[in-house]
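Heads up, the thing below is written out as structure tokens.
The values are calculated or read from the model by the stated rules, or taken from the named source; none is laboratory data. The shown structure was predicted, so the numbers you read here are calculated from the model rather than taken from an experiment. All Cβ positions, even for glycine, are placed from backbone atoms using ideal geometry, and neighbour counts span all protein chains on display. Accessible surface areas use protein heavy atoms only, side chains included; no ligands, DNA or RNA. Shrake-Rupley method; radii C 1.70, N 1.55, O 1.52, S 1.80 Å.
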Amino acid sequence: MNIKKIPAHILVAASSWLSRVISAAIQIVSIRIIISILGADAYAAFILLSGLIAWGALSDFGIGNSLQNYISEKKSVGKNYYPIIFCSTLFALLLMLCILVVLYFTSPYIADVYLKNFTPNQVGDKSKLFYTSMVIFCFTCFGAMLFKIWFAEQKGWLANIVSCCCTILGFLIIFVLNFIGVKINILAMLLIFFGPLAIIPSIYLFKFDISLLGKIKLNKKYVHTLLAMVAHRAKGFFIFSLMGTIALQADYLVMSQKLSAQEIVTYSVLLKIFSFVFFIYSALLQALWPVCVEYRMKKKWADLNKVVYRYITVGLSLVVLSSVSIFYFHEQVFSILAPSLKANISWILFLLFGVYFCLRVWSDTFVMLLQSMNYLKPLWYLVPIQAILSFVLQWSFADIYGIYGIVSGLILSFVLSVVIITPIMYRSRMKKLIFANK
């Protein structure tokens, strides 16, 4: 087989699948090791702090996604995009540092609320834990801009390899330290486990920016024009990402206030197992993004539609088959990953998780397509509605049904918002683009 004949997005997706499978496997395998090191209560706090990665991902204010689209568009017509990379990454870094300054002064108050169910004896200094987590995850977001550049250049396989190696490195350090008997607290666990993915790509991106200084010519007016272009689109991506984070991270906020440490661990283990499957599909979506941009730029509407429905079918089939398998083998899985937890979980919870991730396959596909078209304004109104629904429904249902209520609230918030509306938005946008180019 001639590898040059394989579509670039398939190569990227294949490497992404392998990378995400390894990374997700490490997330799962690490459960038992980290619980044995920290204990169940401290591990529950570690889970909540790990969930802050989604909030750290907002610290570039949408510049990363905006940059990725601009690179894809300029690449498709053979134009130089290095100046926009240089300006965008430095602007994002400046914004991130401003956020960290604000968090330095507000962390004591936020941490007390977020980790209210844990005592200092269980976890240590809550403020230090919260702020350290946000520093790590903000730099993870900055480093991820490098990955977006590579994906836009159809070199996503490189991003997948680096990301995977960083995850492996963090896990190996913890494994070795535990093996030789070095005591690791929650703060050290956060730094070691998540640190490599924050530090290594960020350093590489710094070096890349420095190397661009000799390749590009900038003046004040040109820089201002580039930043205005990026910021204009970034605003839409940021608003959408913010609302999406509220909607998708509401479970962590609700868990931090409503569930016991044991329930948090149970929910987290199940979520990681199901996410292991979903990672495969989300990897494909990430690889397809720049391809969809190029199809749009070249007006290949039929190819774009084929991509949509072909991969939605693949994603739904994957989730359904995996959900059945996870339920069938869940007792064995729990006995290996978290022996201290009870594995007699109702089949209803597995069904709920399966339905939720099927809805994610459907909605995430159409959201990616809308993002690739820079058609975000309608999402500014839709996603906040979902975010409010998600939080309110989960908060209300958790009081009555516990873990089951959290997943049910997630499902209902998706059904009442993005699941129905995003396909309509996509078809409407497609009709306008096709009509405009006739």
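State in Å² the accessible area per residue of the chain; use a 1.4 Å probe, count heavy atoms of protein chains only, and round to the nearest integer. Numbers along the way, then the final one.
On the way: 19700 Å² over 438 residues.
Using a 1.4 Å probe on heavy atoms only, each residue of the chain averages 45 Å².
State whether region 125-192 is rounded, prolate or oblate according to the following rule on the C-alpha gyration tensor (a ≥ b ≥ c being the square roots of its eigenvalues): a/c under 1.5 gives rounded; otherwise a/b larger than b/c gives prolate, and the remaining case gives oblate. Because a/c hits 1.5 or more and a/b fails to exceed b/c, region 125-192 counts as oblate.
Among the trypsin sites (Lys or Arg not before Pro) in region 249-345, those located in a DSSP loop and surrounded by at most 10 other Cβ atoms within 10 Å of their own Cβ are Lys342. Charging the Cβ of each Asp and Glu at -1 and of each Lys and Arg at +1, and nothing else, the dipole of the chain about its Cα centre rounds to 2040 debye. An oblate overall shape is assigned to region 363-408, the ratio a/c of its alpha-carbon gyration tensor axes (a ≥ b ≥ c) being 1.5 or greater and a/b not exceeding b/c.
Solvent-accessible surface (1.4 Å probe) assigned to Cys292 amounts to roughly 0 Å².
Rounded, prolate or oblate: pick one for region 196-255, where a ≥ b ≥ c are the square roots of the eigenvalues of its C-alpha gyration tensor, a/c under 1.5 means rounded, and failing that, prolate if a/b is larger than b/c, else oblate. Present the calculation step by step, with values, prior to reporting the outcome.
On the way: a/c = 6.03, a/b = 1.59, b/c = 3.79.
Oblate is the answer for region 196-255, as a/c is 1.5 or above yet b/c matches or exceeds a/b.
For region 8-146, dividing the convex hull volume of the Cα atoms by the residue count gives 107 Å³ per residue. Membrane-span-like helices in the chain (whole DSSP H runs, Cα extent of at least 24 Å along the helix axis, mean Kyte-Doolittle hydropathy of at least 1.6): 8-38, 82-114, 156-179, 186-212.
Calculated from the structure, semi-axes √(5λ) of the Cα gyration tensor in Å equals which of [x] 34, 27, 22; [y] 46, 24, 19; [z] 36, 23, 19? The calculated read-out lines up with [x].
The count of lysine pairs in region 284-438 that are at least 8 places apart or cross chains, and whose C-alpha atoms lie under 21 Å apart, stands at 15.
With all protein chains present, how much of the accessible area of the chain (probe radius 1.4 Å) comes from carbon and sulfur, to the nearest whole percent?
Values: 13680 of 19700 Å².
Here it works out to 69 percent.
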